[in-house]
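The structure appears below as structure tokens.
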Amino acid sequence: MIKCTILLPLTDNDGFSLAKEGALVLERLYEKFGGYTVEGTVTGTYRMDNGIRAIDTSTKVTVCVKAGQVLDLLAMVAEFGRIMRQETIYFEKALSVVELVKSHKVGPLCAPSAVPEPTQHSFEVFEELPQHIIDTLRRNGCRVHLYAQRGGTASTVIRW
């Protein structure tokens, strides 16, 4: 799954509350993608097309989607911008791997040996990553393998 972040403004550019619109947006995200996380309130600034500085207080929302759903989410975000009377809406697609991990009961009715061992995961990036990112991944216990493919295309495989 791919982690995407959206900043939903709490007021429009004239200072009117967008609480109703925000609730509608969250409901649509839940209906389409099955969930979201509200990470809190953030403040940022943006230069509007007319050159005026806009300072927005927004709700930071994270949505995890399948790779094939990113374009659907982008289309929804553009629609949210129209509903919320905004020039733009902040959207971020993170280079991360998100998994929803099922919990296992551990206790008198379920012996610890019944909990499955963690599996190895891998992720391939079809470009060469900067060295500082590779170093960070390795410091965090990942194995990083760099491959050069025919035609000069670089590929990086990350395993953890």
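Name the residues in the range 20-35 that are farther than 10 Å from THR59 by Cβ and out of contact with any helix residue (DSSP H, G or I) (no Cβ under 6 Å at 6 or more places or on another chain), would you?
Result: LYS20, ALA23, LEU24, GLU27, ARG28, LEU29, TYR30, GLU31, LYS32, PHE33, GLY34, GLY35.
Does the range 40-52 contain at least one residue that is aliphatic (A, V, I, L, M), out of contact with any Gly (no Cβ under 7 Å at 6 or more places or on another chain) and modelled with pLDDT of 95 or more?
Yes, because at least one residue in the range 40-52 is aliphatic (A, V, I, L, M), out of contact with any Gly (no Cβ under 7 Å at 6 or more places or on another chain) and modelled with pLDDT of 95 or more.
Would you mind telling me which numbered condition in (1) charged (D, E, K, R); (2) assigned by TED's automatic domain parsing to the domain that holds LEU26; (3) modelled with pLDDT under 90 LYS105 fails?
For LYS105, the failing item is (2).
On the basis of being without any contact (Cβ under 8 Å) to a residue 12 or more places away in the chain and among the aliphatic types (A, V, I, L, M), does ALA67 make the cut?
The answer is no for ALA67.
Considering only residues that are of a type in the set (Lys, Arg) and more than 20 Å from the chain's Cα centre (by Cα), look in the range 24-57 and name the one that is farthest from GLN69 (Cα to Cα).
Among those that are of a type in the set (Lys, Arg) and more than 20 Å from the chain's Cα centre (by Cα), it is ARG53.
Six or more apart or on different chains, Cβ under 6 Å: which pairs go from a residue in the range 73-85 that's free of Cβ contacts under 8 Å to residues at least 24 places away in the same chain to one that's not basic (Lys, Arg)? Could you list them?
Pairs found: GLY81/ILE89.
Can you tell me which condition GLN69 does not meet? The list is (1) surrounded by 15 or more Cβ atoms within 10 Å (Cβ to Cβ); (2) modelled with pLDDT under 90, and all the others hold.
Here GLN69 meets the rest and fails (2).
Please identify the pairs in which a residue from the range 34-52 that is more than 24 Å from ASP14 (Cα to Cα) has its Cβ atom under 6 Å from the Cβ atom of a residue that is at pLDDT 90 or above and outside any strand (DSSP E or B), counting only partners at least 6 apart or on another chain.
TYR36/LEU29
Looking only at the range 11-23, count how many residues are surrounded by 14 or more Cβ atoms within 10 Å (Cβ to Cβ) and under 26 Å from GLN69 (Cβ atoms).
3
The values are calculated or read from the model by the stated rules, or taken from the named source; none is laboratory data. This one's a predicted model, so the numbers in the text were calculated from it and none came from an experiment. When we count neighbours, we look across all protein chains shown, and the Cβ atoms used for this are built from the backbone with ideal geometry, even at glycine.
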